[in-house]
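Take a look at the structure below.
The values are calculated or read from the model by the stated rules, or taken from the named source; none is laboratory data. Remember, predicted model here, so these are calculated numbers, not experimental data. Virtual Cβ from ideal backbone geometry, glycine too; neighbours counted across all protein chains shown. These accessible areas exclude ligands, DNA and RNA; they are computed on the full protein's heavy atoms, side chains included. Shrake-Rupley method; radii C 1.70, N 1.55, O 1.52, S 1.80 Å.
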Amino acid sequence: MLAIVALSSVTSAAEPWPPAPAHCNVLVAGGSTAALAAALTAAEADSSKTVCLAEPTDWPGGQMTSSGVPAIDFGPSNSKPENQPRSFRELMAFVTAQQQRGPGCWVSKTCFDPAAMVRDWVLPRIAATPNLHLLDRAVVRAATRQASADGGGGGGGGGGGGSPVSALAMVQRRARAGVDEWDTPLSQSLADWYSPSASARFEKRWLNRQRRRDHRGHRVGGCAAHRRASRGAGCGAPGGDVGARQ
């Protein structure tokens, strides 16, 4: 069973959409624990690079923060600090400090309150990393792969990997005024999350990113904002009606 807890249950959508980064050197798409770790590690590896984390909910951390009473399990190797990224070592220091503050989590020496983890560590850590941008309530609607040298659009050769992703089309939503976005079971909400059409519950906007090109027209690393509304290849919107595009 997947439990999703909202930081605020009722959201007002009267304000303009917050600006999204025009360019992402690294874009991590997904709401897992690994996605959070990848985004933090990438952002801290090079502060000159803009890192974007597309999180489907408002509650980053995946399984680590969505269980009722989560605990971190270790094997013989990953328990060693030298095998952990700096952000994870600091997270474990937070868990230890929370344990020392008093009882309330007794099933493991590494269990913690998930709400406190998100409120007091995850969100402040993201906010304190200026080159990391959280795109909350954003899901990937479509992906385009760069054409390979033999003219194909994907598939693997050589090392077995496919062609690199050249563009992503994401849908970001926000609850309409007076709507409790978490009062409906997840199984009944997912179709609305991924639909590009505005609904009775949510306003939507496109967040389209494509790999940039250099002066010779070659694709280079990173994803830039793509504002052309189209149905074809590239980073155009794959159809549907949304209230705003960016």
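Okay, here's what the table says:
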{"quantity": "For Ala177: the one exception among (1) more than 21 Å from the chain's Cα centre (by Cα); (2) modelled with pLDDT of 95 or more", "calculated": "(2)"}
{"quantity": "Residue in region 5-12 that is modelled with pLDDT under 90, outside any strand (DSSP E or B), farther than 21 Å from Tyr194 by Cα and open to solvent by less than 40 Å² (accessible area, probe 1.4 Å) present", "calculated": "no"}
{"quantity": "Number of the condition not met by Thr41 [criteria: (1) part of a helix (DSSP H, G or I); (2) modelled with pLDDT of 95 or more]", "calculated": "(2)"}
{"quantity": "Unique match (being closer than 21 Å to Pro114 by Cβ, polar (S, T, N, Q) and in contact (Cβ under 8 Å) with a residue 60 or more places away in the chain) among Thr50, Thr57, Thr65", "calculated": "Thr57"}
{"quantity": "Condition met for Trp121 (of a type in the set (Phe, Trp, Tyr) and open to solvent by less than 50 Å² (accessible area, probe 1.4 Å))", "calculated": "yes"}
{"quantity": "Residue check, Thr33 out of contact with any strand residue (DSSP E or B) (no Cβ under 8 Å at 6 or more places or on another chain) and among the hydroxyl-bearing types (Ser, Thr, Tyr)", "calculated": "yes"}
{"quantity": "Breaking point among (1) more than 19 Å from Gly62 (Cβ to Cβ); (2) crowded, with 18+ Cβ neighbours inside 10 Å, for Val95", "calculated": "(1)"}
{"quantity": "Qualifying residue in region 205-223 (condition: at pLDDT below 55 and over 23 Å from Arg145 (Cβ atoms))", "calculated": "yes"}
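Residue-wise test of (1) among the aliphatic types (A, V, I, L, M); (2) farther than 30 Å from Gln172 by Cα; (3) buried (at least 18 other Cβ atoms within 10 Å of the Cβ).
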residue: Gly30; (1), (2), (3): no, no, no
residue: Ala39; (1), (2), (3): yes, no, yes
residue: Ala45; (1), (2), (3): yes, no, no
residue: Thr57; (1), (2), (3): no, no, yes
residue: Gly75; (1), (2), (3): no, yes, no
